[in-house]
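Student: Please find one structure pasted underneath; my questions will follow.
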Amino acid sequence: MPSRFITTAVRGFGPLPRIVREAVGERAANLLFTDAGVPLALLDRPDARLPLVDMIAIFERAALLLDDPLLGLDVGRAMSPETYGDWVRYALAGRTLRHGIARLCRAMRYYQAAGNIRAEVHGNLVRLAYHQSVVDAARARQHADHALLPLLAFVRRFLGPAWQPHWVELPYRPAAGTDELATRLGVEVRFGRPGVGMVFERDFLDAPGNTAPPAFAALRRMVEGRPDGEVTAALIDVVDLRLTDGEVALDGAASRLGLQRRALQRHLQAEGRSYRQIVDAARRAQAEKALATTARPIAEIAQSLGYGEPAHFSRAFRRWHGCSPNSWRRERAG
């Protein structure tokens with residue numbers, strides 16, 4: 001799968017935006033994201049998605065900006081497993097650690113396309129690790145560090161807060177600052193490994209869990225929210241991201257995915273979708289949310305969704321709902 005097709009949820013940044021703002025100020029922090037093509041408004045939508053390669057690049061640039069080689073570790077330390085959303089809550093509700101890990105591995109695809117978590121048994125030992133294939137490990141150190149501690153915290157929900165694995169593993173080679181990782185973590189760190197993870201005794205897999213599952217409605221939304229086609233799924237995420245800035249042009253979306261316009265159209269046709277359908281669905285979802293949760297004027301909402309005139313937005317809304325945006329808003333408030 002091409003790297004630009006692989007997307008992940010904004011919630012994966014954790015507290016990174018706040019940490020950067022507090023360290024270097026609002027302006028420099030904002031530039032960190034906008035220079036990477038990430039609209040600032042997207043940061044307020046944790047379930048919105050962006051290319052994983054962009055998230056990884058932002059983590060690396062943030063560490064350089066703050067001159068902090070252990071920034072990723074600090075971000076990860078401030079993230080609980082639940083930060084990642086309902087798919088992790090579903091996994092935490094496993095009857096045992098074995099069951100929870102199996103759920104975690106299966107549900108990962110609802111959070112990150114093509115990223116994966118694997119558990120491998122080698123004799124009496126288990127290796128549990130997260131893998132990403134879009135960026136070379138040497139250029140994804142901060143992202144790797146930030147992923148380690150939430151994964152460790154996941155296992156500790158079953159085994160206790162003081163539990164430690166035999167050792168932890170990271171995919172990059174030792175570099176400046178890495179000698180301090182073992183001190184910070186309190187456990188041996190092995191570098192140049194296949195993924196971001198840990199190794200522990202197989203007997204721990206039978207440890208019982210005690211976490212309540214998320215609501216069924218939340219799980220249904222999670223499952224229904226990801227389409228089957230890989231190009232369609234990636235394009236939905238890119239359209240949603242670009243629509244945050246009122247951008248709807250096909251050429252811009254194709255470029256964000258690393259494709260020519262015609263190549264993107266061929267991929268969509270093969271998956272039974274069209275660009276117009278995807279933009280229309282994204283506009284509808286964002287319009288409904290804006291009308292239901294804000295008091296923004298209709299003209300402002302229309303402009304934010306890329307409509308040249310409010311009348312064009314009103315016509316589209318009547319097609320969706322059979323009434324005007326104002327009527328729909330009053331009925332919802334009613």
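Student: In nm, to one decimal, how far is the Asp280 label point from the Asn30 one, both placed 7 Å along Cα→Cβ?
Tutor: 3.6 nm
Student: Here's another thing I want to ask about it. Apply the Karplus parameterisation 6.51 cos²θ - 1.76 cosθ + 1.60, with θ equal to phi minus 60°, to every residue of segment 323-328 and state each ³J(HN,Hα) to the nearest whole Hz, in sequence, with x for glycine and proline.
Tutor: Residue by residue, segment 323-328 yields 8, 6, x, 5, 5, 4 Hz.
Student: What does the net charge come to around Glu60 if you take all other residues with beta carbon closer than 9 Å to its beta carbon, with K and R at +1 and D and E at -1?
Tutor: Every neighbour counted, the sum reads +3.
Student: While we're here: In deg cm²/dmol, rounded to 500, what helix-only [θ] at 222 nm does the chain give when every DSSP H run of at least 4 residues adds -39500 (n - 2.57) and the total is split over its residues?
Tutor: -15000 deg cm²/dmol
Student: So, in nm, how far is label Ala23 from label Asp68 when the simple model puts each one 7 Å beyond its Cα toward the Cβ?
Tutor: 0.4 nm
Student: Non-local amide H neighbours of Asn116 (under 5 Å, H modeled in plane, Pro and chain starts lacking H): which ones?
Tutor: Those lying under 5 Å, H to H, from Asn116 are His131.
Student: Same structure again: Collect residues whose amide H, placed 1.01 Å from N in the peptide plane, falls under 5 Å from the amide H of Thr96; neighbours closer than 5 in sequence don't count.
Tutor: Gly209
Student: Sorted from largest down, give the three principal axis spans of the alpha carbons of segment 54-95, whole angstrom values.
Tutor: On the principal axes, segment 54-95 reaches 42, 20, 11 Å in Cα extent.
Student: Another one. Which whole-number value in Å³ per residue fits the convex hull of the alpha carbons of segment 227-333?
Tutor: So the per-residue Cα hull volume is 101 Å³.
Student: Under the definition of Cα pairs under 8 Å and six or more residues apart, what whole-number percent is the relative contact order of the chain?
Tutor: Once divided by the residue count of the chain, the mean separation gives 17 percent.
Student: Now a separate question. Using a Gaussian network model on the chain with a 10 Å cutoff between Cα atoms, which of Gly76, Gly209, Gly272 fluctuates the most?
Tutor: It is Gly272.
Student: Averaging over every viewing direction, what projected area does the convex hull of the Cα atoms of the chain cover, in nm²?
Tutor: Over all viewing directions, the chain projects a mean Cα-hull area of 18.7 nm².
Student: Another question, if that's okay. 5 Å is the cut-off here: which amide hydrogens, built 1.01 Å from N in the peptide plane, fall below it relative to Thr8, excluding neighbours closer than 5 in sequence?
Tutor: HN-HN under 5 Å from Thr8: Leu50, Leu52.
Student: May I ask for the angle, rounded to the nearest 10°, between helix 141-159 and the longest principal axis of the chain, with both axes built from Cα atoms and the value confined to 0 to 90°?
Tutor: Approximately 70 degrees, to the nearest 10.
Student: Let me ask you something else. Could you list the square roots of 5 times each eigenvalue of the Cα gyration tensor of segment 47-156, that is, the equivalent ellipsoid semi-axes, sorted largest first and rounded to whole Å?
Tutor: 25, 15, 14
Student: Residues with beta-carbon under 10 Å from that of Thr244, excluding Thr244: net charge, scoring Lys, Arg +1 and Asp, Glu -1?
Tutor: -2
Student: Between Thr244, Thr232, Thr293, which gets the highest mean-square fluctuation from a Gaussian network model of the chain, Cα cutoff 10 Å?
Tutor: Thr293
Student: Helix 97-107 against the longest principal axis of the chain: what's the angle in degrees, Cα atoms only, rounded to the nearest 10?
Tutor: That helix lies at roughly 30 degrees to the long axis.
Student: In addition: Just to confirm a number: summing +1 for Lys and Arg and -1 for Asp and Glu over residues other than Pro39 whose beta-carbon lies under 11 angstrom from that of Pro39, what do you get?
Tutor: -2
Student: With θ taken as phi - 60° and the coefficients 6.51, -1.76 and 1.60, list the Karplus ³J(HN,Hα) couplings across segment 66-83 in order, rounded to whole Hz; mark glycine and proline as x.
Tutor: Each residue's phi maps through the Karplus curve to give 8, 6, 9, x, 10, 4, x, 5, 5, 5, x, 5, 8, 10, 7, x, 5, 3 Hz.
Student: For the chain, set up a GNM with springs between Cα atoms under 10 Å and report which of Pro17, Pro69, Pro161 has the largest fluctuation.
Tutor: With Cα springs under 10 Å in the chain, the top fluctuation among Pro17, Pro69, Pro161 is at Pro161.
Each value in this text was obtained by applying a stated rule to the coordinates, not by laboratory testing. What you see is a predicted model, and the numbers here were worked out from it, not measured in a lab. Cβ: placed from backbone, ideal geometry, glycine included. Neighbour counts: every protein chain shown.
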